[in-house]
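The values are calculated or read from the model by the stated rules, or taken from the named source; none is laboratory data. Since we're looking at a predicted model, the values are computed, not measured. Virtual Cβ from ideal backbone geometry, glycine too; neighbours counted across all protein chains shown. These accessible areas exclude ligands, DNA and RNA; they are computed on the full protein's heavy atoms, side chains included. Shrake-Rupley method; radii C 1.70, N 1.55, O 1.52, S 1.80 Å.
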Amino acid sequence: MLKVGLTGGIGAGKSEVSRLLVECGAVLIDADRLAREVVAPGTPGLAAVVEAFGPEVLAEDGSLDRPRLGSVVFSDPEKLAVLNAIVHPLVGARSRELEAAAAEGAVVVHDVPLLTENGLAPLYDVVVVVDAAPETQLDRLVRLRGMTEEDARARMAAQAARAQRLEIADIVIDNDVPLAELRGRVKDVWADLVQRAQAPQQPPQE
């Protein structure tokens, strides 16, 4: 099994790359999706969040009111730390379950938006960074996601710098290209990942 960490700045096209890797045959473990899954209605995770932050963070249907919780935690580092202490271990445990269920020779791609920010690169055999020029990111956020330019720039500034992401990359996918060209680049990366997955494991150094 090859454990791949996939990351990239907002608007760089990481989600599109993960979709294309799944088309190629990757097993995808999406950290954002798991973070929603572990606090779904009826889960111990949601019960722990309500115990920590009160029933006011619930929507009328009993699900987590994410905007309301976000307004509580993102302006308060201590409360954000409390939330992360609840959610991150649950996401980690679920990730390990899904990884353990994958076939022996599988390429398991962990889609982790904050891989750089949280210093998670050592957890993976290979780190793949989806890269795009800041002006490309800005254009996509404004034109495709409907953000204001001010909001888009703020979201970009809140993430790791482009140079920090590139520094931890084993493989960089340049996504300043049309989708047809991106598809070809992802296929080339997939061939590389499969080759790495099939390579015999090196014995530990004495």
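Observations on the model:
- Restricting Val189, Val107, Val127 to residues that are touching a residue at least 24 places away in the same chain (Cβ under 8 Å), closer than 15 Å to Val27 by Cβ and open to solvent by less than 40 Å² (accessible area, probe 1.4 Å) narrows the list to Val107.
- Scanning the range 144-174 for residues that are closer than 21 Å to Val4 by Cβ and either touching a strand residue (DSSP E or B) at 6+ places or on another chain (Cβ under 6 Å) or part of a helix (DSSP H, G or I) (or both) yields Arg162, Gln164, Arg165, Leu166, Glu167, Ile168, Ala169, Asp170, Ile171, Val172, Ile173, Asp174.
- Here Val177 fulfils each of the conditions (1) open to solvent by less than 50 Å² (accessible area, probe 1.4 Å); (2) outside any loop (DSSP other than H, G, I, E, B) apart from (2).
- Qualifying residue in the range 77-90 (condition: out of contact with any helix residue (DSSP H, G or I) (no Cβ under 6 Å at 6 or more places or on another chain) and closer than 27 Å to Asp174 by Cα): no
- Conditions (1) surrounded by 13 or more Cβ atoms within 10 Å (Cβ to Cβ); (2) under 20 Å from the mean Cα position of the chain (by Cα): number failed by Ala163: (1)
- Matching residues, the range 23-34, being open to solvent by 30 Å² or more (accessible area, probe 1.4 Å) and either more than 30 Å from Asp188 (Cβ to Cβ) or assigned to a helix (DSSP H, G or I) (or both): Glu23, Cys24, Asp32, Arg33
- Top-ranked residue in the range 110-124 [being open to solvent by 60 Å² or more (accessible area, probe 1.4 Å) and in a loop (DSSP other than H, G, I, E, B); ranked as nearest to Val189 (Cα to Cα)]: Leu114
- Residues satisfying the stated conditions in the range 66-104, i.e. open to solvent by less than 40 Å² (accessible area, probe 1.4 Å) and touching a residue at least 60 places away in the same chain (Cβ under 8 Å): Val91, Ser95, Glu99, Ala102
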